[in-house]
Amino acid sequence: MKLALVVGARPNFVKISPLIKAINEHNKSTLPQIQYILVHTGQHYDSFMSDSFFQSLQIPKPHFNLGIGSGTHAEQVGNTMIAFEKVLKSEQPDWVVVVGDVNATLACSITAKKEQIKVCHIEAGLRSGDMTMPEEINRLVTDRLSDLLLTPDQLSSKNLRQEGTDVDKIKMVGNIMIDTLNDALETAGMLELDEIIQRNSADEVNKNPEADSYALITLHRPSNVDQVEDLTKIVQFFIDQAASQIPLVWPVHPRTLKNLERFELLETLRKNNNIILLQPLNYFDMLKLNSQAKMVITDSGGLQEECTVLGTPCITMRFNTERPITLQEHGGTSVLVGNDLSKVKLSFNAALNQKRESRIPELWDGHAAVRCLAEIIKY
């Protein structure tokens, strides 16, 4: 059996790493060997967003790097399909395995089906119900085309059944990202907070925050960072209210950094001694910061999942989520607030007094990749 494993952006790297490890372990047995090729579309291509993750997660060098880079959604999808078709024609894999919901996931799924190659979608069935999100379109189309849909939780499986998906195609395997988290906890635990901050800060930091005494921030979605009014409101809340109560540690996404500079907000942030701006972090640095934060303020889906397992109170600055299993009403640690600052403030104040409590959904046990590979073999 020959698999083509597709990655395109940072969230994919965290999910494909344990699958590669599962394949390597399988190939140590006397069972029929599994060959794979790793295809990196290059949607995330700079060292902070790509290279550092390959190195820290020990992902082998891709067999193919399509070098797609940035561009509009149509440009990324179209250019990926053109380049990936050539790989499929030369390599002729039995399966194309895609993860998550980035443009590479959509483009490579479509291309595979046009070449009559089976598609397996890991992290299938996630739904936000928000068709203004490009990722929602990617999820819907990919799931409709896939031959094998591997879901992280019961809610995702239910979504697929309600959409009329053949139940024989749906297999709940758990959350493959938690495999990576569990494997990395020991290494991340040995890191020092002050060393991470000093190494990743462009500015001099006079005082490093201690464990359980800072808020960790990540923001990158257009609804929060692309409009000057929205981003200004958020920055003003951080400066005037949040930072006066607790230090803020903010690894700044390239998109957000560009807009902070464009809207002339960056220097205002830098002048606040209780706000620590960092460059984008590698996986272990980010995991260390999350595991010891008093709270996380984010618009990232992956961080919602990590916070649930780590027990970190999570204020999610989105109006909806494709990961409802992480919400407090479903047993998680996350609360949705959008960019309504009255809700942000209420949740922030509540999180200041909230204790860390780990929540482990069903099958989020660190063995999802083994189950994924078993389902592909069994198909």
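The values are calculated or read from the model by the stated rules, or taken from the named source; none is laboratory data. None of these values were measured; they are calculated from a predicted model. Cβ placement follows ideal geometry from the backbone for every residue including glycine, while neighbour counts extend to all protein chains displayed. Areas reflect the complete protein model, heavy atoms only, side chains present, ligands, DNA and RNA absent. Shrake-Rupley method; radii C 1.70, N 1.55, O 1.52, S 1.80 Å.
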At q = 0.10, 0.13 Å⁻¹, the log10 of I(q)/I(0) for the chain from a Debye sum over equal Cα scatterers comes to -0.62, -1.06
Here the gain from full extension of Lys89 to Gln354, 0.36 nm per residue of separation minus their alpha-carbon distance, amounts to 90.0 nm
In debye to the nearest 20, the charge dipole size for region 1-102, taken about the Cα centre with +1 at each Lys and Arg Cβ and -1 at each Asp and Glu Cβ, equals 260
Expected vector for region 31-40, Karplus 3J(HN,Hα) from phi with 6.51, -1.76, 1.60 and θ = phi - 60°, integer Hz, x for Gly and Pro, equals 5, x, 6, 10, 9, 9, 10, 9, 10, 9
For 321-333, 104-116, 160-172, 128-140, ranked highest to lowest by mean beta-carbon neighbours within 10 Å, the order is 104-116, 321-333, 128-140, 160-172
Length gained if Lys158 through Arg255 is fully extended, taking 0.36 nm per residue and subtracting the Cα-Cα distance, is 31.5 nm
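How large is the dipole of region 260-379 about the Cα centre if only Lys and Arg carry +1 and Asp and Glu carry -1, each at its Cβ, rounded to the nearest 20 debye?
300
Can you order the peptides 181-192, 300-311 by their average number of other Cβ atoms within 10 Å per residue, highest first?
Answer by packing, highest mean first, reads 300-311, 181-192.
Which pairs in the list Lys15/Lys345; Lys89/Lys378; Lys15/Lys207; Lys158/Lys345; Lys21/Lys158 are over 27 Å apart, alpha-carbon to alpha-carbon?
Beyond 27 Å: Lys15/Lys345; Lys15/Lys207; Lys158/Lys345; Lys21/Lys158.
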The farthest towards the positive end of the charge dipole of the chain, of the residues Ile275, Gly366, Ala293, given +1 on Cβ of Lys and Arg and -1 on Cβ of Asp and Glu, is Gly366
Measuring from the longest principal axis of the C-alpha atoms of the chain, the long axis of helix 341-352 (C-alpha) lies at a number of degrees, nearest 10, equal to 90
The aspartates and glutamates whose Cα lies under 19 Å from the Cα of Lys86, excluding any fewer than 8 residues away in the same chain, are Glu75, Asp94, Glu115
For the chain, cysteines with no other Cys Cβ under 4.7 Å from their own Cβ are listed as Cys108, Cys120, Cys372
For Lys271, the aspartates and glutamates lying under 18 Å Cα to Cα, once residues fewer than eight places off in the same chain are dropped, come out as Asp203, Glu204, Asp240, Glu261
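Find the accessible area per residue for region 245-308; the probe is 1.4 Å, ligands and nucleic acids are left out, and the unit is Å².
For region 245-308, the solvent-accessible area averages 34 Å² per residue.
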Given the candidates Thr72, Asn349, Ile37, the one whose Cα lies deepest towards the positive end of the charge dipole of the chain, counting +1 at each Lys or Arg C-beta and -1 at each Asp or Glu C-beta, is Ile37
Sorted on mean Cβ neighbours within 10 Å (highest first), peptides 94-103, 335-344 come out as 94-103, 335-344
Restricting to Cα pairs under 8 Å and 6 or more apart, the percent relative contact order of region 191-345 works out to 24
With R₀ set to 35 angstrom, the calculated FRET efficiency between the beta-carbons of Lys207 and Thr232, to the nearest 0.05, is 0.85
Answer in debye to the nearest 20: the dipole magnitude of the chain about its Cα centre, from +1 Lys/Arg and -1 Asp/Glu charges placed on Cβ, is 520
Listed by chain and number, the aspartates and glutamates with an alpha carbon less than 14 angstrom from that of Lys258, same-chain partners under 8 positions apart left out, are Asp226, Glu267
